[in-house]
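Please read the structure below before turning to the comments.
Readers should treat all values here as calculations from the given coordinates under stated rules, not as data from a laboratory. Just so it is clear, the model here is predicted, and its values are computed rather than measured. With ideal geometry, Cβ positions are generated from the backbone for all residues, glycine too; neighbour counts draw on all protein chains shown.
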Amino acid sequence: MNGILNLYKPAGPTSFDCVAAVRRVAEGAKTGHGGTLDPMAEGVLAICIGKATRLIEYMDEDSKSYICGCRLGLRTDTLDIWGEVLGEDREGAERISRSDFESAMEKFRGEILQIPPMYSAVSVGGKRLYKYAREGKSVEVPPRNVSVFNIKLLEWNDELKEAVFELECSRGTYIRSICGDIGEFLGCGACMSSLLRTRTCGLQIENSVTLEEVKDMSAQQLESILLPMETALGHMKRLELCEDRAKRFVNGLPSWSVGLESEGLRAVFSDSRLLGTARDGKIEKVLAP
């Protein structure tokens, strides 16, 4: 069984919980996921089965899309409403209008410097940030460049001072941090109140299946709805080989790329069949039998 499951992760279980549930249906086949979702977040989670697990490292390179809720006037240690409250500023939030929020939101369009939240899996000094946070320790977290390609306000609740916006962003972008930074820019604080991932790894929410639906399937039914492995490599440049070069690629012969324009990372195909991946003319992974 090889392929990718477009799973709708519900709020509550971890991404690993979802992987474990799918693995049971897949009768123990090797299973992993691309692009972790926090437990209380919902939406598209790419579950890789069999040989597709070897592509996980490439899948997260593609951009992702989210719909996010942001509540003004509330600061928490996790930058979301499920964390410990550090402070409230209802009076400050009351002064914020829809146009104020839209103006602040636009400040985070494009390439930005972002500091990952303390409750995250980012490593500093060989240790995950959330472990420092749980121990009550503070460490300096270096900022990093991320990109917000599009951001748009969808809803504004003037009574609750809560916004719902959608955005498309690059790998490694923390939506919680964007909410917190918008709140600091406005001077009243803010935290994320909901998160729905609508697109990741080439998968769209409209075509996802729920975890409960998967749990009721047989292994054969699960296999029948898996997407081909190349689904997750749509963001990569494609290299099509003739039959002779394909045989050399599958057999690991360096001559497969002689005379080809093969710079950079490529998804390698022959007769529309995914063979594997290559970088700068050198084989990285062979997936074809």
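Find the relative contact order for the chain and round it to a whole percent, using C-alpha pairs within less than 8 Å whose residues are 6+ positions apart. Numbers along the way, then the final one.
Details: 619 pairs, mean separation 67.5, N = 289.
It rounds to 23 percent for the chain.
For the chain, take the alpha-carbon Rg, divide it by the Kirkwood Rh, and send me Rg/Rh. List each step's numbers first, then the result.
On the way: Rg = 21.6 Å, Rh = 20.9 Å.
With Rh from the inverse mean 1/r over Cα pairs, Rg/Rh is 1.04.
Give me the lysines in straight-line cross-link reach of Lys237: C-alpha distance below 17 Å, same-chain residues under 8 apart excluded.
Those lysines meeting the cut-off are Lys282, Lys285.
Taking Cα atoms, how many degrees apart are the long axis of helix 15-25 and the longest axis of the chain, rounded to 10 and kept between 0 and 90?
Tilt of helix 15-25: around 40 degrees.
Using the Cβ atoms and a cut-off under 10 Å, what net charge is assigned to the surroundings of Ile47, where Lys and Arg are +1 and Asp and Glu are -1? Mind dumping the intermediate values first?
Numbers: positive: Lys9, Arg23; negative: none.
So the surrounding residues net to +2.
Quote the FRET efficiency, to the nearest 0.05, computed for Glu240 versus Glu61 with a Förster distance R0 of 30 Å and r equal to the Cβ-Cβ distance. All intermediate terms of the calculation are to be shown ahead of the outcome.
Details: r = 21 Å, r/R0 = 0.69.
Working from the Cβ atoms, E equals 0.90.
Given axes a ≥ b ≥ c from the Cα gyration tensor, I'd like to know whether region 236-286 is rounded (a/c under 1.5), prolate (a/b larger than b/c) or oblate. Write down the numbers at each step before the final one.
On the way: a/c = 1.33, a/b = 1.09, b/c = 1.22.
The shape class here is rounded.
Which net charge results when you count Lys and Arg as +1 and Asp and Glu as -1 among the other residues whose beta-carbon is under 9 Å from that of Arg176?
Computed value for this residue: -2.
Classify region 156-289 from the C-alpha gyration tensor, please: rounded if a/c falls under 1.5, else prolate or oblate depending on whether a/b exceeds b/c. Intermediate values should be presented prior to the final figure.
On the way: a/c = 4.25, a/b = 1.87, b/c = 2.27.
Note, shape of region 156-289 comes out oblate.
Aspartates and glutamates within cross-link reach of Lys9: Cα-Cα under 16 Å, excluding same-chain residues under 8 positions apart?
Qualifying aspartates and glutamates at Cα under 16 Å: Asp17, Asp38, Glu42, Glu206, Glu212, Glu213, Asp216.
What is the sum of charges, Lys and Arg at +1 and Asp and Glu at -1, for the other residues whose Cβ falls under 9 Å from the Cβ of Leu37?
On the way: positive: Lys9, Arg197; negative: Asp38, Glu42.
It works out to a net charge of 0.
Counting alpha carbon pairs within less than 8 Å and at least 6 residues apart, what relative contact order, in whole percent, applies to region 236-286? Numbers along the way, then the final one.
Details: 88 pairs, mean separation 19.2, N = 51.
Dividing the mean separation by the residue count of region 236-286 yields 38 percent.
Top mean-square fluctuation among Asp244, Asp77, Asp62, Gaussian network model of the chain, C-alpha springs under 10 Å?
Looking only at Asp244, Asp77, Asp62, the biggest GNM fluctuation is shown by Asp244.
Can you compute the label reach from Arg109? Point 7 Å from Cα along the Cβ direction, backbone N cut-off under 17 Å, restricted to region 147-175.
147-155, 164-170
Please compute the contact order of region 1-120 in relative form: average sequence separation of alpha-carbon pairs under 8 Å and at least six residues apart, divided by the residue count, as a percent.
Numbers: 145 pairs, mean separation 25.0, N = 120.
Contact order relative to length: 21 percent.
May I ask for the distance between the Cα centers of region 225-252 and region 23-59, given as a whole number of Å?
Region 225-252 and region 23-59 have Cα centres spaced 20 Å from each other.
If I build a Gaussian network model for the chain, linking alpha-carbon pairs within less than 10 angstrom, which residue out of Lys152, Lys64, Lys137 has the largest mean-square fluctuation?
Lys137
With a cut-off of 15 Å, note down the residues of region 114-140 whose backbone N falls inside the zone around a label point 7 Å from the Cα of Thr14 toward its beta carbon.
Zone members listed by number: 119-122, 128-132, 134.
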